[in-house]
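The structure under discussion appears below in the form of structure tokens.
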Amino acid sequence: MAASLTFLGIDPGLTATGWGVIAIEGSKLSHVANGTITSNARLTLAERLVEIEAGLVRVVGEFVPHAAAVEQAFVARDAAAALKLGQARAVALLVAARAGLVVAEYAPNHVKKSVVGAGHADKAQIRLMVEMLLPGSRPGSEHAADALAIAITHAHSGAANPRLAAAIVGAAR
């Protein structure tokens, strides 16, 4: 019987960072937990990044995932918003890497195609497919649903194959 692996998916954002933890055993996916870390818009940028970091550190400490996957930034029309998103992404990558996790990154269209089958799926389609693939998951926000979709994408990437996962871990050392 294959050992169960857990994957943390992170949908980074300065206002709301979604997270989702799934388990995979063989080819069976199951929901572990999900949530949203919010930052206080009245705080400075640095203080908001600390809030995101603290939330992700709590999630990693509580669920002790085997690997993490973070959504890549998309090119936004607003340069200031893109920069803030990049800073939130950096926090997510840093927390996962500091925890010793192998971290994968996936483009938003790749996540949508992996979970929904279409690279331009909307938020409602993503949530519906996440709930179908992970019965009982009930994501509390679109950010949590996206994070679960990122974790599912990572599981579908082949990283859930125990031999491949061992090779990834070995290569990271």
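One table, with the values for the structure above:
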{"read-out": "Loop-located trypsin sites (Lys or Arg not before Pro) in segment 1-48 whose Cβ has at most 11 other Cβ within 10 Å (DSSP)", "value": "R42"}
{"read-out": "Estimated FRET transfer efficiency when R0 is 35 angstrom, pair R77-E25 (beta carbons, to 0.05)", "value": "0.25"}
{"read-out": "Nitroxide proxy distance, nm - points 7 Å out along Cα→Cβ at H120 and T44", "value": "4.3"}
{"read-out": "Amide H contacts of V102 (H built 1.01 Å from N, under 5 Å, at least 5 apart or other chain)", "value": "A68"}
{"read-out": "Backbone HN-Hα couplings from phi across segment 85-99 [Karplus 6.51/-1.76/1.60, Hz, Gly and Pro as x]", "value": "4, x, 5, 5, 4, 4, 4, 4, 5, 5, 4, 5, 5, 5, 7"}
{"read-out": "Antiparallel %, DSSP beta bridges [both residues in the chain], to 5", "value": "65"}
{"read-out": "Under 15 Å from the Cα of K112 - aspartates and glutamates, other chains or at least 8 residues apart", "value": "D11, E71, D122, E131, E142, D146"}
{"read-out": "Rounded FRET efficiency, nearest 0.05, which uses the C-beta distance separating A97 from A54 and R0 of 22 Å", "value": "0.85"}
{"read-out": "Relative contact order computed over segment 5-172 (Cα-Cα under 8 Å; 6+ residues apart), in percent", "value": "31"}
{"read-out": "HN-Hα J in Hz across segment 101-112 - Karplus 6.51, -1.76, 1.60, θ = phi - 60°, x for Gly and Pro", "value": "7, 6, 10, 9, 10, 10, 5, x, 5, 5, 4, 4"}
{"read-out": "Dipole magnitude of segment 1-108, debye to nearest 20 (Cβ charges: Lys/Arg +1, Asp/Glu -1, about Cα centre)", "value": "120"}
{"read-out": "Cβ-Cβ FRET estimate between N109 and S4, R0 fixed at 30 Å, reported to 0.05", "value": "0.55"}
{"read-out": "Charge-dipole axis of the chain as Lys and Arg at +1 and Asp and Glu at -1 on Cβ define it, positive-most pick from V32, P135, V111", "value": "V111"}
{"read-out": "Fluctuation leader among A121, A41, A33 - the chain, Gaussian network, Cα springs under 10 angstrom", "value": "A41"}
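Computed from the coordinates by the stated procedures, all read-outs in this text should not be read as laboratory data. Keep in mind that this is a model prediction, so the values were computed, not measured. Glycine gets a Cβ as well: all are built from the backbone with ideal geometry, and neighbour counts include every protein chain shown.
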